[in-house]
Amino acid sequence: MSHTIRLDFYVALAFVALLIVIMLFGPWIVPYDPIAQDLRHPFAPPSAAHWLGSDNLGRDVLSRLMIGTRPALIGVLIAVGMAALVGVPWGLSAGYVGGLTDLVLMRIADAMLVFPGLVLALVLTAIFGPSLRMSMIAIGLVYSPVVARVVRSGVMAVRSRDFVLVTRMYGLSGPYRMWRHVLPNAAAPVIVQLTLLMGLSLLAQVGLGFLGVGLQPPFPSWGSAFAESFPYIIVSPQATFAPGIVVAVTVLALYRIGDELRDRMTGP
Amino acid sequence: MLRLILRRLLLLLPTALFGSVLIFAMVQIIPGGAAETIAGEDASPQTIARIQAQLGLDRPLYEQYLGWLNGILHGDFGRALLDNRQIGQDIADRFPHTLELALSALFVALLVGLPLGTASAIYRRSAVDNTITTLSGLALAIPEFWMAMVSINLFAIKLAWLPATGLEPWSAGWQDHVASMLMPVLTLSSGAAAVVTRFTRSGMIQALDSQYIRTARSLGLAPATIYLKFALKNALVPVVTISGIIAGALLGGAVLVEQVFVIPGLGAMLVTGVLQKDYPTVQSVALVLTIAVIIINMLVDIACGALDPRSRG
């Protein structure tokens with residue numbers, strides 16, 4: 001049992017590593033130019049020349065997905081980075097200062113958690129205009145209260161432990177002690193949560209991309225791959241399958257890595 | 001219990017007001033704002049100023065906010081920027097579809113998730129448990145709108161069992177209406193059903209491991225009584241709590257599913273508003289969805305109080 005668990009964890013790691021390689025070297029290893037049109041051969045079924053077929057403009061589906069890896073992963077990093085950037089100080093101050101500050105900060109977190117994230121991201125997109133970066137910053141903001149809660153509960157667990165009290169005795173400043181001594185000991189659940197948020201933010205990203213508020217055409221992205229192929233679902237259904245499978249497998253891999261990290265870092 | 005209901009009702013107003021201030025404030029950040037949308041990007045500053053005066057956008061912010069709020073309280077949401085439609089009428093026409101979609105999906109999610117989670121907990125670490133856990137993990141990883149596309153391909157195009165897109169109104173006969181809602185509701189509920197399954201499973205496991213269940217077992221009560229009457233009632237509390245958040249996520253997720261199935265709900269209105277920078281529309285739809293979520297969460301809190309006297313506070 002434990003052996004098979006290990007195996008699928010390593011498969012998940014290998015898949016994410018492959019995505020990173022494609023992200024870094026994609027432009028040099030794609031089989032075709034992802035925006036080159038071949039109007040004589042639209043909707044080609046999968047073949048040796050085009051492994052995943054071609055789309056309505058005769059563009060190679062595989063090449064477009066490969067080039068889309070970069071914005072997809074960068075978008076995930078922006079979202080999770082934003083969530084950490086806002087959520088970590090938020091949870092740290094709530095958990096460490098406590099009292100009324102804690103109460104107010106956590107009420108705000110509760111209120112934000114209830115708000116439908118996709119709607120908030122759409123409103124922010126209306127304000128700042130459709131772009132991948134803005135929509136992912138919006139998604140990161142939506143997730144920041146989740147991070148804040150996890151950080152807070154981690155901080156609460158260690159704040160009155162002896163080693164933290166000793167740092168106070170040494171007269172170290174509050175922010176320094178939080179950053180240097182409290183946070184590292186509360187980090188494990190935060191890292192796990194951030195891994196899980198990577199999967200969630202990818203789902204949100206392709207959703208927004210499908211709605212047309214992500215990366216703008218003709219540049220290929222995983223989200224726009226759905227929007228571009230869906231109108232032709234009767235003629236060429238496999239063009240809608242490919243991006244869905246890629247997204248689902250990526251999210252599964254990220255969840256699997258998050259689960260394994262949780263088991264290893266926080267114990268059963 | 002009555003006190004809880006009264007207190008939650010009293011909290012409703014300030015929460016809804018806070019939401020409205022937040023949404024109003026967010027939309028005010030826009031550089032250029034509504035006037036620039038109407039006039040176009042190349043318009044002269046004079047034109048923009050004239051339109052701003054027409055729309056009342058040159059008034060102080062608090063006056064604009066109070067005017068907006070006052071209008072909404074009288075059922076007047078204002079007019080859309082580009083086609084001058086009555087936003088309030090549009091919302092009244094569309095909101096029932098979105099609400100029906102989201103609430104049906106929540107109902108299906110509970111209907112599927114509660115028994116699956118319970119079975120998973122009772123037959124812990126068996127093949128049943130593993131299958132259910134794997135399936136729910138899969139449901140969490142698949143984008144709902146993509147599942148919608150795949151099911152259109154399968155059930156509408158290949159098998160021709162169900163209509164592909166569009167919404168039949170109730171007036172067209174309930175069979176047609178249900179047939180047109182079936183795929184949207186089922187695909188929207190998949191992720192939520194997985195979440196309900198997981199919360200039910202962990203809640204049930206916690207309940208089944210506790211002392212009072214051991215006592216009930218030692219008294220020789222029938223397993224069905226123990227599971228359904230004693231364990232499930234306690235396991236339900238976290239599930240009911242999370243269903244408030246799920247309802248919010250479903251209202252958001254409905255935006256995507258409506259887009260795939262071409263359902264004329266609030267989602268399509270919101271997306272069009274966002275792409276056309278129609279701020280009054282975006283602002284109003286976001287407010288209606290927020291208030292819906294706040295009301296649902298109030299009902300959830302009351303349900304929790306009914307289930308668990310400790311949470312009445």
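The values are calculated or read from the model by the stated rules, or taken from the named source; none is laboratory data. Everything numeric in this text was worked out from a predicted model, so none of it was measured. Methodologically, a virtual Cβ is constructed for each residue, glycine included, from the backbone with ideal geometry; neighbour enumeration extends over all protein chains shown.
Details
- Test: residue in the range B:122-137 that is within 13 Å of chain A (Cβ to nearest Cβ), among the hydrophobic types (A, V, I, L, M, F, W, C), closer than 30 Å to B:ALA192 by Cβ and in a helix (DSSP H, G or I): yes
Yes/no per residue for (1) crowded, with 20+ Cβ neighbours inside 10 Å; (2) touching an Asp or Glu at 6+ places or on another chain (Cβ under 9 Å); (3) more than 12 Å from chain A (Cβ to nearest Cβ):
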{"residue": "B:VAL237", "(1), (2), (3)": "no, yes, yes"}
{"residue": "B:ALA247", "(1), (2), (3)": "yes, no, no"}
{"residue": "B:ALA286", "(1), (2), (3)": "yes, no, no"}
{"residue": "B:LEU289", "(1), (2), (3)": "yes, no, no"}
{"residue": "B:MET298", "(1), (2), (3)": "no, no, no"}
{"residue": "B:ALA306", "(1), (2), (3)": "no, no, yes"}
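- Checked against the criterion of being of a type outside the set (Lys, Arg), within 9 Å of another protein chain (Cβ to nearest Cβ) and closer than 18 Å to B:GLN89 by Cβ, the candidates B:GLY273, B:GLY252 yield just one match: B:GLY273.
- Counting the residues of the range A:221-241 that are touching a helix residue (DSSP H, G or I) at 6+ places or on another chain (Cβ under 8 Å), more than 10 Å from chain B (Cβ to nearest Cβ) and surrounded by fewer than 21 Cβ atoms within 10 Å (Cβ to Cβ) gives 2.
- Residues within the range B:225-277 that are within 16 Å of the chain's Cα centre (by Cα) and of a type in the set (Ser, Thr, Tyr), tallied: 2
- Check on A:GLY140, crowded, with 20+ Cβ neighbours inside 10 Å and not aromatic (Phe, Trp, Tyr): yes
- The single residue among B:ILE142, B:ILE152 that is within 13 Å of chain A (Cβ to nearest Cβ) and either touching a residue at least 60 places away in the same chain (Cβ under 8 Å) or of a type in the set (Ser, Thr, Tyr) (or both) turns out to be B:ILE152.
- For the range B:50-105, filtering for residues that are touching a Ser or Thr at 6+ places or on another chain (Cβ under 7 Å) and under 20 Å from B:TRP170 (Cα atoms) leaves 2.
- All positions within the range A:108-136 that are more than 22 Å from B:ILE245 (Cβ to Cβ), more than 9 Å from chain B (Cβ to nearest Cβ) and assigned to a helix (DSSP H, G or I): A:LEU132, A:ARG133, A:MET134
- Checked against (1) at pLDDT 75 or above; (2) more than 13 Å from chain B (Cβ to nearest Cβ), A:PRO218 meets all criteria but (1).
- Of the criteria (1) touching a strand residue (DSSP E or B) at 6+ places or on another chain (Cβ under 8 Å); (2) modelled with pLDDT of 85 or more, which one B:PRO280 fails: (2)
- Of the residues in the range B:84-95, at least one is within 30 Å of B:THR241 (Cβ to Cβ), in contact (Cβ under 8 Å) with a residue 60 or more places away in the chain, surrounded by 14 or more Cβ atoms within 10 Å (Cβ to Cβ) and not β-branched (Val, Ile, Thr).
- Some residue of the range A:172-193 being over 28 Å from A:ALA109 (Cα atoms) and either more than 18 Å from the chain's Cα centre (by Cα) or modelled with pLDDT under 80 (or both): yes
- Helices (runs of 4 or more DSSP H) completely within the range B:209-313 that count 1 or more residues being in contact with a helix residue (DSSP H, G or I) (Cβ under 7 Å, 6 or more places away or on another chain) and in contact (Cβ under 8 Å) with a residue 24 or more places away in the chain: B:232-261, B:266-275, B:279-307
- Any hit, the range B:181-193, residues being surrounded by fewer than 16 Cβ atoms within 10 Å (Cβ to Cβ) and not hydroxyl-bearing (Ser, Thr, Tyr): no
- Residues in the range B:249-265 that are farther than 22 Å from B:VAL195 by Cβ and of a type in the set (A, V, I, L, M) were compared, and the one that is surrounded by the fewest Cβ atoms within 10 Å (Cβ to Cβ) is B:VAL262.
- Within the range A:197-209, at least one residue is β-branched (Val, Ile, Thr) and within 24 Å of A:VAL146 (Cα to Cα).
- The helices (runs of 4 or more DSSP H) found entirely in the range B:1-88 that carry 2 or more residues being more than 30 Å from B:ARG310 (Cβ to Cβ), of a type in the set (Gly, Ala, Ser) and at pLDDT below 80 are B:33-39, B:45-55.
- Residue under evaluation A:LEU196, criteria (1) closer than 15 Å to A:ILE74 by Cα; (2) outside any loop (DSSP other than H, G, I, E, B); (3) at pLDDT below 85; (4) hydrophobic (A, V, I, L, M, F, W, C), criterion not met: (1)
- Index of the failed condition, B:ILE157 passing every other in (1) surrounded by fewer than 17 Cβ atoms within 10 Å (Cβ to Cβ); (2) of a type outside the set (Asp, Glu); (3) over 22 Å from B:PRO238 (Cβ atoms); (4) touching a residue at least 40 places away in the same chain (Cβ under 8 Å): (4)
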